[in-house]
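Scroll down for the structure; my scribbles are underneath it.
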Amino acid sequence: MLERLKNIFGTNNNMTFLDHIESLRWHIIRSVLVLCVVTGVMFFYNDFVFNTVLFGPTKPTFYTYHALRHLSRVFHLGIDINMNPNINLINTVMAGQLMMSIWGTFIAALIVTIPYILWELWRFIKPALKEKELKSARGFVAISSLLFLTGALFSYYIIVPWTVTFLSSFRMSGAVVQNFIDVRSYISMVTTLVLWSGVIFELPVVSYILTSIGIISPAFLKKYRRHAAVVILVVAALIAPPDVASQVIVSIPLFILFEVSIFVAKYAERKKRLKTS
C-alpha cells in the first residue's frame, strides 16, 4: 500500500511531489466546476427536481405504489395496497425554502455528477498504474458508477417510499397528534438515504481495491461473514422502517453485495498470485 502511495504521489513519470499535488488540485477544481454547473442547471429546473423527483414519494401516483398495486392485482394477492403517505410539508424558517432548494439541487447534482468525479479520480490514479494493473482496473469508472447509481435508485424506489409511508402514517396516540413535517426534515431524510445507499453499493469495488493492496482477503471476509450479517441487519434496521418486511427487503441486496464482494476478492487475489508467479 505504501508503495502504491509512493507511485501516486512520488516522482514517477518525471513529476515531483508538488507536480502531483498540482495535478490533483486541477482534478478537484474540474470536479467542483462541473458539480457547480450541474447544480445551477438543476436549480433552474427546480420544479422538476422537487415536484417530480424529491417530492415524488409523497404522492399516491408514485411509480412504486402503482407497481405494488398492479402486482397485487396480477398475482391475486388479495391485499389492499393503499400506500398513500398523505404528508403535509411545512416550512418554519424564513429562508428555509431557499436553503432547501439549494441543498436539494446540490445533492441531486452530486448524485448525477458522481460518474464524472470517479472519472477524474481515475485520471489522477491512472499514471501510477503499471500496464498489467491498467488492464485489471479497466472499467473502474463504469462499474463504480453503475453500482452507485443502482444503490441510489434502489433506495429511491424501494427504501424511501416504504420509509415515507411508514413514518407518515405512524401514530403514537391515535389521531391526537397530527404530523406536520418540516420540509427540511423530509429532504434531509430522502437525500441521506439515497446518497448513502449509493455509497454502500460500492462495497464490491472497495473489496477489490483492498484485496489488491493486501489489506483484506477472501478468507478474512469468509471468517467474519457472521459478523457482517449482524452489521447488515443493523444497517437495514437504521435505513428501513421498523417492520420486518421492510428490513428484509433492504437486507437482501446487502447480503448479496457482501457475497459478491467475497467473489470479487477471490478474483483479485487470484490475479495477484498470477502476477507473482
Quick one: if you stick a label point 7 Å off each Cα along the C-beta vector at Val177 and Ala142, how many nm between them? 5.1 nm
On a full-extension model of 0.36 nm per residue, what is the gain between Thr92 and Leu24, subtracting their alpha-carbon distance, rounded to one decimal in nm? 20.3 nm
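Against the empirical 2.2 N^0.38 Å scaling, what ratio does the C-alpha Rg of segment 217-277 come to? Display every interim value, and only then the final one.
Values: Rg = 14.9 Å, N = 61, 2.2 N^0.38 = 10.5 Å.
For segment 217-277, the normalised Cα radius of gyration comes out at 1.42.
Multiplying the sequence separation of Ile213 and Arg270 by 0.36 nm and subtracting their Cα-Cα distance, what value in nm do you get?
Result for the pair: 19.2 nm of gain on full extension.
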Taking alpha-carbon centroids only, segment 93-117 lies from segment 244-269 a number of Å equal to 30 Å
Kirkwood estimate for segment 111-169, i.e. one over the average of 1/r between Cα atoms, Å: 13.5 Å
Determine ³J(HN,Hα), in whole Hz, for all residues of segment 104-118 in sequence, where each value follows from phi through the Karplus function 6.51 cos²θ - 1.76 cosθ + 1.60 and θ = phi - 60°; x replaces Gly and Pro. x, 5, 5, 5, 4, 5, 4, 4, 5, 8, 3, x, 5, 4, 5
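We did not get these values from a lab; they are worked out from the coordinates using the rules stated. The structure presented is a predicted model; accordingly, all values stated were derived computationally and were not measured. Because the Cβ atoms are built from the backbone with ideal geometry, glycine has one as well, and the counts that use them run over all protein chains shown.
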